[in-house]
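None of the figures in this text is laboratory data; all of them are computed from the coordinates on show. Computed from a predicted structure; not experimentally measured. Reconstructed Cβ throughout: ideal geometry from the backbone, glycine too, with neighbour counts over all protein chains shown.
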Amino acid sequence: MEVLDNLMLGFSVAVSPMHLLYALIGVLLGTLIGVLPGVGPVATIAMLLPITFNLSPVAALIMLAGIYYGAQYGGSTSAILVNLPGETASVVTCLDGYQMARQGRAGPALAISAIGSFFAGCCATLIIALAAPPLAEVALKFGPAEYFSLMVLGLVAATVLAHGSLVKAIAMVVLGLLLGLIGTDVNSGVLRFTFGIPELSDGIGFAVVAMGMFGVAEIIGNLELKDKREVFTSNVKGLFPTVDDFKRSWKAILRGTALGSFLGILPGGGSILAAFGAYTLEKKMSKNPERFGKGAIEGVAAPESANNAGAQTSFIPMLTLGIPGNAVMALMIGALMIQGIAPGPQVMNEKPELFWGLIASMWIGNFFLVVLNLPLIGMWIKLLTVPYRYLYPSILVFMAIGVYSLSNNPFDLVVMAVFGLLGYICVKLECEPAPMILGFILGPLMEENLRRAMLLSRGDPFVFVSPSKPISLGFLIASAVLLVIVMLPALRKKREEVFVEDAT
Amino acid sequence: MRRAVLAAALAAASSLAFAQAWPSRPVQIVVPYAAGGPVDVSARIVAPKLQQAFGQPFVVENRPGAGGNIGADFVAKAAPDGHTLLMGAIATHAINPTLYPKIPYDPVRDFRHVTLLIQVPNVLVVNNDLPVRSVKDLIDYARKNPGKLDFASGSTGSTGHLAGELFKQLTGTYMVHIPYKGSAPATADLFAGRVHLMFDNLASALPSIRTGKVRGIAVTTLQRSGFVKDLPTLHESGLKDFDLTTWWGIMAPGKTPDAVVEQLAAELARVMQQADVRERFAAMGSDGPSVRTPREFTAFVERELRTYAGLVKRSGASVD
């Protein structure tokens, strides 16, 4: 068994005391920055790059990887406790996690997200060990046409399943799409909706929007309540999940892990898409979907598993092809370059101790994380007893630091404030921000891939449904089926709400 | 008149004082791109070395946006006391001034060009399934199959794009430009064969060439690269004077005193001789820069600016 030999080699590298220490430092730092809203792994890893000079390449990579997946763990904490997506991928966790916290069930929410993440992390690590090279080939099968069709499916699923105020949900998706148009057109280089502001020429940052729409809006909303401000601690019902919670969650964790592992391999925002996808899927599968958005534990378990699995498998294209799927992976490649290692397909063969050591350390790091995070839950809950008048200024300060650190530009703070106001108005109008965020993520990707596919096919629109592109065809058929389901009036009653977040 | 003289004298005196005191506080090296790219990495390689030499922290700060213009503009307008430096690059100082209709800084007058750190060739790589093994093959193939070939690039107006347009002009062939958001997704489509070729940065293409994921055809510089000696240049393959190199280096605001510039340049020259720095720069595909002094660097920037003004205009690329 070559894989076993390789894994043995990996573990022999990863369990050396120094490497254990670096894995621990990495996941600790990662948890911390994940909890802090806005301060993301990209800024942290960039700051730590010079420190990795003096480390061996394996130690450097182990630590940096720990920061990355540690941040995915930590990100859920602030999402659940204060409705703040600490990490971009934990936007979805806000939906049900925060509602659980409002019902005094922050403990179970935190615990299930840690357990789900651990399970997902272990599975994804195994997947990398067993099948990284063939999976990288699968990722290569995704060209512009396939991406476009996948996004169509995602968008149709989101809007079609939305209900209650379908019009408002669609309006929010469209608003997201429009906001996504801001910036430089990839094909022609034309600047769209930038109004002569150079900071807008690369579009608005996703983290800035999410932080404003969720975090700032939540704070404004809370301040308005004056005396009735919510205290979550008065009715804390146990720190750990009940048997019933586990019964509800395990399937969600499994499905989330599967979806996350797959979408993580695809470059470009894989883990965010994975979280959205897992949530939508769970709601669709659920027998009583009306619980979602009102503190359904599956709504925490699925996206948290998915984003952690996605975070791990996003290493696959970087390690096997030298192609970074996201900004963090680009930094990893930078870290390798500093070490004088040219990242690419040869790393696996020429430096097996690096490749397998990293994989083994991921499993160890995930173990550290769950051991670290479960006891911390009690402490996090205590944090909620901090009076709001102290809590909210600190949250605002951390958000400001985080957003500033994204590109060291004060302009981003203004944008966050604007979106905070917009978010507040949306809350008042009972328009949920989640569909907007989805439109904002998917819109630009869809457009880019649509136009690239059309360029490559020299303007032939049938490229999306041609038998030579079965993946694309499959996604489009699935989208059409989903649409038909909603069109049929008989089935209309069954239409479910995906994005209704308001528990009142 | 007397006031002007006085002011000049004061300025000279204060710049002298600055020079003696420099660096009197932490120095900021602004990287006008996101963290993790080669420009950022090279800044983070030299920063600790400068910190050691000058006894003040050298902090790398990423100010990405608008193709690097935001970071470059920030440094152009920063206090010219040597405490704010820029990693200026071919984009910010040669391509963007023509590519963008309005640019808030003058790439020559608003900067002191201190030291050119890195020059990396682009390399013409093709997908393995394309029946092309040389530049001549490619030209023949393109002529026999007009409009069939696609070339990918990291963005409109990138060196990869401009190299492709120059290639089309010099050979009279037609290929479709497929722009991506960064060279990573472009590379993925090249591996998969959805696009046929790319003029990629040597450092990122080298591993895939060595492992046979793609086929290297030629380099875009006048001289062959020490890293792929067997690859001919486009120039020697019949495309006369085809010369395109991605470069970046340390710059300072335009009114930075000579003393500071010289001190910094001298130290950077020493740093670049150190074995570990050379090794790390080599990993980025750099054979070592062709110009050494600040004066040569300024002349180099002026030359590049002229070259790319012509190239960008003829390519029809623009951002507005």
Checklist entry - R0 = 56 Å: FRET efficiency of B:Leu222 with A:Val3, Cβ-based, nearest 0.05? => result 0.70
Item to check | Rg [Å, one decimal], Dmax [Å, integer] - segment A:240-313, C-alpha atoms | outcome: 11.8, 37
Checklist outcome for this item: Output field shielding_mean for A:443-450 (other chain Cβ, 10 Å radius) holds 1
Item to check | Reciprocal of mean inverse Cα separation for segment B:121-219 (Kirkwood radius, Å) | outcome: 13.0
Next on the checklist: Residues of segment A:66-82 with the amide nitrogen closer than 11 Å to a label point 7 Å from the Cα of A:Tyr390, along Cα-to-Cβ, please.
Outcome noted: none
Checklist outcome for this item: Note: chain B at 4 °C, 1.567 mPa s; Kirkwood Rh on alpha carbon pairs; Stokes-Einstein D in µm²/s works out to 63
Item to check | Translational D in µm²/s for segment A:104-200 (Stokes-Einstein at 4 °C, 1.567 mPa s, Kirkwood Rh from C-alpha pairs) | outcome: 72
Item to check | Cα-Cα over 28 Å, subset of B:Lys102/B:Lys255; B:Lys148/B:Lys213; A:Lys168/B:Lys181; B:Lys181/B:Lys213; A:Lys251/A:Lys382; A:Lys251/A:Lys351 | outcome: A:Lys168/B:Lys181; A:Lys251/A:Lys382; A:Lys251/A:Lys351
Next on the checklist: Expected output is a single nm value to one decimal: the length gained when fully extending between A:Ser16 and A:Ile471, i.e. 0.36 nm times separation in residues minus the C-alpha distance. What is it?
Outcome noted: 159.4 nm
Checklist entry - Taking the Cα-to-Cβ direction at B:Asp106 and at B:Glu296 and moving 7 Å from each Cα, how far apart do the two end points lie in nm? => result 2.6
Checklist outcome for this item: If each part is reduced to its alpha-carbon centroid, segment A:90-104 and segment A:403-457 end up apart, in Å, by 21
Item to check | Among A:Ala132, A:Gly299, A:Gly344 - extreme Cα towards positive end, dipole of segment A:2-492, charges at beta-carbon | outcome: A:Gly299
Next on the checklist: Give me a comma-separated list of calculated 3J(HN,Hα) values for segment A:384-400, in order, Karplus coefficients 6.51, -1.76, 1.60 applied at θ = phi - 60°, integers in Hz, x for any Gly or Pro.
Outcome noted: 6, 7, 4, x, 4, 5, 8, 5, 5, x, 5, 4, 4, 4, 5, 4, 4
Item to check | Charge dipole of segment A:2-492 about the Cα centre (unit charges at C-beta), most positive-ward option of A:Gly439, A:Ala275, A:Cys426 | outcome: A:Cys426
Next on the checklist: What does DSSP give for segment B:121-219 in terms of the percent of beta bridges that are antiparallel, rounded to the nearest 5?
Outcome noted: 60
Checklist entry - Which percent of Cα pairs goes in each bin when the distances of segment A:2-492 are cut into 10 angstrom slices starting at zero? => result 4, 20, 31, 28, 14, 3, 0
Checklist outcome for this item: The FRET efficiency for A:Thr242 and B:Ala53, from their Cβ-Cβ distance with R0 = 56 Å and rounded to 0.05, is 0.35
Next on the checklist: Rounded to whole Å, give me the distance from the Cα center of segment B:37-51 to that of segment B:280-305.
Outcome noted: 16
Next on the checklist: Can you tell me, using C-alpha contacts under 8 Å and at least 6 residues apart, the relative contact order of chain B as a whole percent?
Outcome noted: 26
Checklist entry - Put +1 on the Cβ of every Lys and Arg and -1 on every Asp and Glu Cβ in segment B:121-219; which of B:Ala192, B:Phe151, B:Leu130 then has its Cα farthest towards the positive end of the dipole? => result B:Leu130
Item to check | For the protein assembly as shown, share of DSSP beta bridges that run antiparallel, in % to the nearest 5 | outcome: 60
Item to check | Relative exposure of A:Lys287, B:Lys168, B:Lys77, judged by other C-beta atoms within 10 Å (fewest first) | outcome: A:Lys287, B:Lys77, B:Lys168
Item to check | Whole-Å distance, taken between Cα centres, linking segment A:193-209 and segment A:1-37 | outcome: 37
Checklist outcome for this item: P(r) over all Cα-Cα pairs of segment A:18-135, 10 Å bins from 0 to the longest distance, whole percent per bin, short to long, reads 15, 38, 32, 13, 2
Next on the checklist: Using the Cα centre of segment A:2-492 as the reference point, and only Cβ charges (+1 on K/R, -1 on D/E), how large is the resulting charge dipole? Debye, rounded to the nearest 20.
Outcome noted: 1100
Checklist outcome for this item: Rounded to two decimals, the Rg over Rh value of the protein assembly as shown from Cα coordinates and the Kirkwood Rh reads 0.97
Checklist entry - Going by how many other beta carbons lie within 10 Å of each one, how would you line up B:Phe151, A:Phe315, fewest first? => result B:Phe151, A:Phe315
Checklist entry - With a 10 Å Cβ neighbour count serving as the proxy for reagent exposure, in which order, fewest first, do A:Ser113, A:Ser472, A:Ser16, A:Ser479 appear? => result A:Ser16, A:Ser479, A:Ser472, A:Ser113
Checklist entry - Dipole of segment B:121-219, Cα-centred, from +1 at each Lys and Arg C-beta and -1 at each Asp and Glu C-beta, to the nearest 20 debye? => result 160
